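The block underneath contains the structure these notes are about, expressed in structure tokens.
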Amino acid sequence: MTKLELLANLIYPNLRETLDDLEKKYPKRNLDEQAMVTRFAPSPTGFLHTGSLFASLISWRLAKQTNGVFFCRLEDTDTKREIAGTGDLVLNELSIFGINPDESFIAGGAYGPYRQSERKELYDTIIKELIIRGRAYPCFCSHDTLNQMREYQESIKVNPGYYGEYATCRKLSVDEMIEKIKNGESFVMRFKSMGHHDNKITIHDEIRGTLELTQNDQDIVIMKGDGLPTYHFAHLVDDHFMRTTHITRGEEWMPSLPIHIELFEAMDWVKPYYAHLPVIMKLEDGRKRKLSKRKDPEAAVSFFLEAGYPIEGIMEYLMTIANSNFEEWRLNNLTANIYDFNLSFDKMTLDGALFDLEKVQSISKERLGAMSSDEIGQKALAWAIKYQPDFAKAINQDFYYFKAILSIERGGEKPRKDYTRYSDIFPIIDFMYDEYFDKALNVELPFNPIFTKEQKIIVLEKFLSNPALDLDEESWFNNLKQLGNEIGFAPNAKEYKKNKEAFLGHIGDFAEIIRISISGRKNTPNFYHVLRILGLERIKNRIIKTVKTF
Ligand code: GLU
């Protein structure tokens, strides 16, 4: 046995599997040549960030488009930052947006476990291998020693870090290492870099093309004092054994690429393709800045869910910032499913994708406008159950009634687009429910003060003498004009203006008195349809109640 093997066995005496065993246990996936294996690897440190939803959408679509696999791995090795339960929360939120991984830390899969905290033995096996290859070693330096070293490096203006001549423990003999371990000294494991910061390496990024970066020379920590791996090393092991083909991750990881390349090379493993996604930016005072978890409520996807934005609107919006040719495609494919669009790396924006809430709103409005009344009804109900129980209660009294309300001016060539979010619906239609109409009577109704109580009563009686709700809309309106005319209202504003003295008002005034008396408000969705849905019985009851308030 070589000395390095002795050291490796001393540090990892009881591993059940070898590198070969692992290679066999997690074989190359049996997929077509072009199939992509992508992943989303959240850390359980909070809610699902809008940027993470964006990244997941891209990774998921690329896998689906190529008949590949999209999986979700929980990167839970930073126990200090972990917030219990947030891993599951993130996956639930993803699923609300329709993204369901093929394999995950909840659903499992053949390449698991998918929680890093349950993969310790895999990491240990690879570190053991690296020790034997002379590419990993224990480091016994204390925090104080490291701090002093950094201060010294700053004072003499050299690159900070643990490398070359500053990598003290790298210079220990294997015997010395063994002795220190036997003496119970605590240690972390470091990677032994062969690079030098004067050298450049070229790396291909799927989005950014060829990058020239400084070679890694840092002996980075691969296993911390708590026995858990660091991100860099876990990424190597996990993406190798999970057989990821394309690493799609935020651009904040781009500077670490040289480390990852060197790690893959040290293991003689095939490197995955890398695609560093743009960070989502926001425009503030004419300047671009990163969407911030602390400052921007829209940084959390829960913001959109609570506010009632339709999932379809958010996802479509994210597609527009993912690929520059999406919007043109949309114009040519107005009714197509957004996932018929083929996302590609080469149409991705290089600089930060700009987040534009107004655009999310206009797209959401389009999407809600294009839904059938059944679809918007079901989705609004599901939203209301969670976020607006009063609304849900009203809907649940009679779903068909709700659907009828939503069908007002829906469909056809030019559907009305009244709603941007599910939360917009209730304030516009709540008067259709008697209990909310009754509430409106508690405050003064917005009648035009030029009309007396008696005049209003005459208007309402006239209307009730022939409400004609069985006529088509045009005939009904002509009838309404006729009724108004019979008691002194001009059939249109123009005629009224020509000879104000001759009239009480015009048809608009006549209709407004009726509208307010029946709905409690000046503006409603198309009044003809409102009246037909309410039905004559309800209309009469409401008018009686309104007249009592005069
Ligand atoms: N856990 C890392 C993060 O949340 C994942 C980065 C990656 O996708 O590799 O940033």
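Coordinate-derived values only; no laboratory data. From a predicted model like this one, the values you see are computed outputs, not experimental measurements. In this analysis, Cβ positions are derived from the backbone assuming ideal geometry, glycine residues included, and neighbour counts consider all displayed protein chains.
Hey, which lysines would be in cross-link range of LYS545, C-alpha to C-alpha under 23 Å, not counting anything within fewer than 8 residues on its own chain? The reachable lysines, counting only those whose Cα sits under 23 Å from LYS545, are LYS439, LYS453, LYS456, LYS462, LYS522. Largest first and in whole Å, the equivalent-ellipsoid semi-axes of region 60-123 read 22, 16, 9, each the square root of five times a Cα gyration tensor eigenvalue. Counting only aspartates and glutamates at least 8 places from LYS224 when in the same chain, those with an alpha carbon closer than 18 Å to its own are GLU75, ASP76, ASP78, GLU82, GLU118, GLU121, ASP124, GLU129, ASP144, GLU185, ASP238. Ranked by the mean number of other Cβ atoms within 10 Å of their residues, highest first, the peptides 453-460, 401-408 fall in the order 401-408, 453-460. Equivalent ellipsoid of region 75-216: semi-axes from √(5λ) of the C-alpha gyration tensor, largest first, are 35, 23, 17 Å. How big is D for region 209-252, in µm² s⁻¹ as a whole number, if Stokes-Einstein is applied with the Kirkwood radius of its Cα pairs at 4 °C and 1.567 mPa s? Result for D is 102 µm²/s. Search the structure for amide H atoms under 5 Å from the amide H of LYS290, placed 1.01 Å from N in the peptide plane, and list their residues when 5 or more places away or on another chain. Correct list: LYS282. One decimal place: the segment LYS545-ASN479 gains 21.3 nm when fully extended, by the rule 0.36 nm per residue minus the C-alpha distance.
Pairs LYS500/LYS548; LYS64/LYS365; LYS498/LYS548; LYS288/LYS347: which exceed 24 Å Cα-Cα? Those over the limit are LYS500/LYS548; LYS64/LYS365; LYS498/LYS548. The relative contact order of the chain comes to 11 percent, based on Cα pairs under 8 Å that sit 6 or more residues apart. Taking amide hydrogens as placed 1.01 Å from N in the peptide plane, the amide H of ILE222 sits under 5 Å from those of MET189, ARG190, PHE191, each at least 5 positions away in sequence or on another chain.
Expressed to the nearest 5 percent, the antiparallel share of DSSP beta bridges inside the chain is 55 percent.
Dipole of the chain computed with +1 at Lys/Arg Cβ and -1 at Asp/Glu Cβ about the Cα centre; of VAL270, GLY109, GLY313, farthest Cα towards the positive end is GLY313. If the label point is 7 Å along Cα→Cβ of LYS25, which residues in region 83-114 have backbone nitrogen under 20 Å from it? From region 83-114, the list is 103-114.
Dipole magnitude for region 226-343: about 340 debye, using +1 per Lys or Arg Cβ and -1 per Asp or Glu Cβ, origin at the Cα centre. Ranked by the mean number of other Cβ atoms within 10 Å of their residues, highest first, the peptides 540-549, 213-222 fall in the order 213-222, 540-549. Of the residues THR214, PHE477, LEU354, the one whose Cα sits farthest toward the positive end of the charge dipole of the chain, with +1 on the Cβ of Lys and Arg and -1 on the Cβ of Asp and Glu, is PHE477.
Ordering of 51-59, 334-342, 414-422 by packing is 51-59, 414-422, 334-342, highest average first (other Cβ atoms within 10 Å, averaged per residue).
Determine, from the Cβ-Cβ distance of LEU10 and GLN148 and an R0 of 25 Å, the FRET efficiency 1/(1 + (r/R0)^6), rounded to the nearest 0.05. Rounded to the nearest 0.05, the efficiency is 0.30.
The charge dipole of the chain, taken about the Cα centre with unit charges on the Cβ atoms of Lys, Arg (+1) and Asp, Glu (-1), comes to about 1260 debye, rounded to the nearest 20.
The H on the amide N of MET36, modeled in the peptide plane, is under 5 Å from the matching H of THR66, GLY68, VAL69, each at least 5 residues off or on a different chain.
The Cα atoms of the chain give a gyration tensor whose axes a ≥ b ≥ c have a/c of 1.5 or more with a/b greater than b/c, which makes the shape prolate. Stretching the chain fully between MET194 and PHE399 yields a gain of 66.9 nm (0.36 nm per residue, less the alpha carbon separation). Applying the Karplus relation 6.51 cos²θ - 1.76 cosθ + 1.60 with θ = phi - 60° to region 206-219 yields 3J(HN,Hα) values of 4, 9, 9, x, 7, 10, 10, 10, 6, 4, 6, 10, 7, 7 Hz, where x marks Gly and Pro.
The spacing between region 101-142 and region 483-550, judged by their C-alpha centroids, is 74 Å. Reported value for region 31-152: 176 Å³ per residue, from the convex hull of its C-alpha atoms.
Near PRO449, once Lys and Arg are set to +1 and Asp and Glu to -1 for all other residues with Cβ below 13 Å from its Cβ, the sum equals -1. Think of it this way: in the chain, CYS72, CYS141 stand alone, with no other Cys Cβ under 4.7 Å.
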